[in-house]
Amino acid sequence: MSRSVARAVRGGLVVAALAAVAGAAALASAANQSPSQPEIVIDIRYSHFDPPHITVPVGVPVTIRLRNEDPIDHEWIVGDAALHAVHRTSAEPLHPHIATEIAIPAMSERTTTITFQAPGELAYICHLPGHEAYGMVGWVTVEP
């Protein structure tokens, strides 16, 4: 084997070894990363939620971005029938520090992160006067 051929073989082996190390490092890095947190965008247009139905996994944090494209304020309250019964008669204008009760001013965006703990169906409703009757209602399906 000539010297130049021997150098080429050694050089090729070094390149192959470096590529193998880089590939192993990339796989290890990917294995250490957690899957990205799901994000759902709900647009509010003409006093309606779009989409009117979302599906989320149980026990996994889900980020929900609420984009109010209307020139009026809205709210996004998600919960069971008992929670909505309370809000229908409540005069609470803001919902600070409650991840499932978000006030969204006109032409703005709010983000919340929720971990739904049990499978089932929940409603999301805007309880500002007349909004629910106009159709500002949506549904969350929480799947196991």
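A few notes on this one:
- Counting all C-alpha pairs of the stretch 44-83, share separated by more than 13 Å (%): 63 percent
- Accessible-area composition of the stretch 37-144, carbon plus sulfur, in percent [1.4 Å probe]: 60 percent
- Using the 1.4 Å probe convention, the accessible area of the stretch 46-96 works out to 52 Å² per residue with neighbouring protein chains retained.
The values are calculated or read from the model by the stated rules, or taken from the named source; none is laboratory data. What you see is a predicted model, and the numbers here were worked out from it, not measured in a lab. Note: accessible area is taken over every heavy atom of the protein model, side chains too, but ligands, DNA and RNA are not part of it. Shrake-Rupley method; radii C 1.70, N 1.55, O 1.52, S 1.80 Å.
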